[in-house]
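Colleague: Sharing a structure here in structure tokens format.
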Amino acid sequence: MIRPDLTYTPEIEAATADIYDKLEPLMPVLDWPEIAPYIYHINRLKKERNAVILVHNYMTPDIFHGVADYVGDSLGLAQKATETEADVIVQCGVHFMAETSKILNPHKTVLIPDMKAGCSLASGITAADVEMLRQKYPGVPVVTYVNTSAEVKAASDICCTSGNALDVVESLDSDTVLCIPDQYLANWIAGQTSKKILTWAGSCEVHERFTGEQLRAYRTKYSGDITIIAHPECPPDVLAEADFVGSTSGMIDYAKRERPKRVLMVTECSMSDNVAAEVRDVEFIRPCNLCPHMKRITLPKILDALLTLSPAVEVDPELAARARLPIDRMLAVEPRKSSKVSKLAKAS
Ligand code: 13P
Ligand code: SF4
């Protein structure tokens, strides 16, 4: 396919004007002539390719507001991947998300604009580790966070995301559950269930850097006039300081619904930018922790992926069939109403 001319023309200016209006608080007008042609040609090409662009909440605002067909958390993206009629899925997120889409769509082309977009949780556990845990805790069901490889999923009983982990754990007919590999997500679940939760020493390199002390300093700085919402991958002292804990989409829904005057989203920094573009009456305080893996995905790489239909994610069909079972089991779990707004009991 021919590489498009990336000149900023009056046609491109007109076609992208609505998108710029959204991005205007975040983006200097001088930058737009460089960015708009990418957005324009990606949106044109995705129609030609019958492609759908699934975008995680941590993508930068130009991707999130410019080219997404669907934005969401890991659960939402996996659900969308089961519904799409497109021939090509472009996954703007990290590798485990694209792999999940491929497992759910073995006959579609699934592209990830940068193959190196990994995840510290996914690289922190192997299928052999899961087998070792099964031998150590015979008969205990294994709930595996979707932030894992296909091999680890295939060795598990059921998957979960931060959006449904409690529902998944509660759905199991066992008093003890292995909830791996994120020790902090597991700990957060343990605080909300009567089941005994066993875990693994994995963590997210982005969320583990936040501290309760940091958040208390923000509360002092703003004389308590600040709402803190956090992702469950954060350590317990951080979650203890939060007014609300939820998945990335849960956090966004909370900010849109509750409209706090001032909010601190304790998570990857692009998310505050993405919500701030839409929710202009809320002041966002941004302690910035970037996910280096998510930030590998850029507009030029998305354009390249659509032009070349690569890099494509491949999963061995036999492995994909085994990894699909725990994902399908997860997708079949009915969400309990209370889990939609899981407010953490404050420590003080
Ligand atoms: P969500 O499923 O909440 O979007 O989380 C995915 C993730 O990688 C957070 O770091
Ligand atoms: Fe993985 Fe953390 Fe990045 Fe999410 S933010 S993709 S859990 S490293």
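Colleague: Between their Cα atoms, which of Lys196/Lys256; Lys196/Lys221; Lys102/Lys295; Lys46/Lys102 are more than 30 Å away from each other?
Modeller: Check vs 30 Å cut-off fails for Lys196/Lys256; Lys196/Lys221.
Colleague: Once a ≥ b ≥ c are taken as the square roots of the eigenvalues of the Cα gyration tensor of region 1-88, is the result rounded (a/c under 1.5), prolate (a/b larger than b/c) or oblate (a/b not larger than b/c)?
Modeller: Oblate shape, in that a/c is at least 1.5 and b/c is the bigger or equal ratio.
Colleague: Oh, and also: Just report the Cα centroid separation between region 66-139 and region 145-195, whole Å.
Modeller: For region 66-139 versus region 145-195, the Cα centre distance is 16 Å.
Colleague: Related question: Run lengths n ≥ 4 of DSSP H only: what is the helix-derived mean residue ellipticity at 222 nm for the chain, with -39500 (n - 2.57) per run over all residues, to the nearest 500?
Modeller: So the helix-based figure for the chain works out to -11500 deg cm²/dmol.
Colleague: I've got another one for you. Antiparallel DSSP bridges in the chain: what percent, to the nearest 5?
Modeller: DSSP beta bridges in the chain are roughly 5 percent antiparallel.
Colleague: If you count only protein heavy atoms with a 1.4 Å probe, what accessible area per residue comes out for region 1-129, rounded to a whole Å²?
Modeller: Working: 5600 Å² over 129 residues.
So region 1-129 comes to 43 Å² accessible per residue, rounded to a whole number.
Colleague: Taking the full set of protein chains and a 1.4 angstrom probe, give the accessible area of Phe96 in square angstrom, rounded to the nearest 10.
Modeller: 10
Colleague: Under the Cβ-under-4.7 Å rule, which cysteines of the chain stay unpaired?
Modeller: Flagged as lacking a Cys partner: Cys92, Cys119, Cys159, Cys160, Cys179, Cys204, Cys234, Cys291.
Colleague: Suppose a student asked you for the relative contact order of the chain, using Cα pairs under 8 Å spaced at least 6 residues apart; what percent would you report?
Modeller: Working: 673 pairs, mean separation 73.0, N = 348.
This gives 21 percent for the chain.
Colleague: If region 40-88 were replaced by its equivalent ellipsoid, with semi-axes equal to the square roots of 5 times the Cα gyration tensor eigenvalues, what would those be, largest first, whole Å?
Modeller: Numbers: eigenvalues 61, 50, 5 Å².
Ellipsoid half-lengths, sorted descending, are 17, 16, 5 Å.
Colleague: Round to the nearest 0.05 the FRET efficiency obtained for Arg280 and Asp18 when R0 = 22 Å and r is the Cβ-Cβ distance.
Modeller: Efficiency, from the Cβ-Cβ distance: 0.90.
Colleague: Cα-based Rg (one decimal) and Dmax (whole number) for region 14-163, in Å?
Modeller: 18.2, 62
Colleague: For the chain, go through all pairs of different Cα atoms, get the mean of 1/r, take its inverse, and jot down that Kirkwood value in Å.
Modeller: 20.9
Colleague: While we're looking at this one, here's another question. Which of the peptides 222-235, 143-156, 97-110 is most tightly packed, and how do the rest follow, judged by the mean count of other Cβ atoms within 10 Å per residue?
Modeller: Highest-to-lowest ranking by the protection proxy: 143-156, 97-110, 222-235.
The values are calculated or read from the model by the stated rules, or taken from the named source; none is laboratory data. If you're wondering where the values come from, they're calculated on a predicted model, not measured in any experiment. Every residue, glycine among them, receives a Cβ derived from its backbone with ideal geometry; neighbour counts consider all protein chains shown. Accessible surface is based on the protein model in full, side chains and every heavy atom, while ligands, DNA and RNA are left aside. Shrake-Rupley method; radii C 1.70, N 1.55, O 1.52, S 1.80 Å.
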